[in-house]
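Just below is one structure, and these are the notes that go with it.
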Amino acid sequence: MKKFFKAFPEKYPKLWEFIKFVFTAFSTTILYYIVFWIGQATLVEPLKDVEVHSSILKFLGYDENLGLAISYLLASFLSYAASYIMNRKVTFKSNSNVLVSTILFALMVVVTTAFTAWFGTFATNWAQAQGGFWASGFVSSLLIPTVAMLIPFVWTFPFQKYVIYRNKKPVEGEQAQEAETAKEAEEVKEVEDTKETEEVPEAQAQKQAAQKDSE
C-alpha cells in the first residue's frame, strides 16, 4: 500500500493534479467559512446600524450592514489568496509570469463570483416557488450553495491549468543544457555502436583462428 501511494503521483500525474486541486478548493472553502463566521460573530452586531451603499454587494447579497460586508470581503480575499498560492506552488507547480497570472486569476474570480451569486438567487427563487421540500431550509442554505460552488469546477480547473498557471517555455540556459545532454547521449551511443562494429570482425577472426587450430 505504501508503494502504491508513493508511485501514484508518477503513474497518474493528471489525476494526482486534479486531486490536489480539489483538496485546495476544499481547504480554502473551509478557510472562507471560518473567517466569515468569525466576522459575523464579532462585527455584525457592533456595526448593525451602519448602512452599506454598494450595488455590487447588493447583487451578491451582502449589503445588509457593514459588518456582514467586511466579513464577506475579508473571507473571500483570504480564501482566494490561499487558493492562488497553493495552486501555483503545489498543484500546478507553475513558473508563469506572476503579474499576468494574478490578473487572469482575478478575472476568473470576478466571473465565478458573479455566476455563483446569480445562480444562488435564481435557484433560491425557483425553489421557493416550487414549495414543499424545495422551499425547506436544507435546500436554500445547504443544497443550493453547494451546487453553486461545484458548477464552476467545469471551467475553473481547465482555465487555471492551461491558462493561468501554464508554464513558460524553458529559458535559454535550460534549452542549452538540454541540447548538451542530448548531444552527450548521442556521442555515447556513437561510441558504443563503433565498439560493437569493431568487435564483430575481431570476434569472427578469433572464431576462424580457433577453427584452424582445431583442424
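We did not get these values from a lab; they are worked out from the coordinates using the rules stated. Just so we're clear, the structure is a prediction, and the values are computed from it rather than from any experiment. Here the Cβ positions follow ideal geometry from the backbone for every residue, glycine too, while neighbour counts run over all protein chains shown.
May I ask which of LYS48/LYS161; LYS2/LYS89; LYS14/LYS168; LYS58/LYS161; LYS14/LYS169; LYS3/LYS168 have a Cα-Cα span longer than 30 Å here?
Long pairs (Cα-Cα over 30 Å): LYS48/LYS161; LYS58/LYS161; LYS3/LYS168.
Tell me, in nm to one decimal, what length is gained between ALA81 and LYS48 on full extension, where the rule is 0.36 nm per residue of separation less the Cα-Cα distance?
Answer, rounded to one decimal: 9.1 nm.
Hey, got a sec? Which trypsin sites (Lys or Arg not before Pro) in segment 62-100 land in a DSSP loop and have at most 16 other Cβ atoms within 10 Å?
The qualifying sites are LYS93.
What is the Cα centroid distance between segment 119-161 and segment 1-23, reported in whole angstrom?
30 Å
Can you give me the C-alpha center-to-center distance between segment 34-65 and segment 82-111, rounded to a whole angstrom?
28 Å
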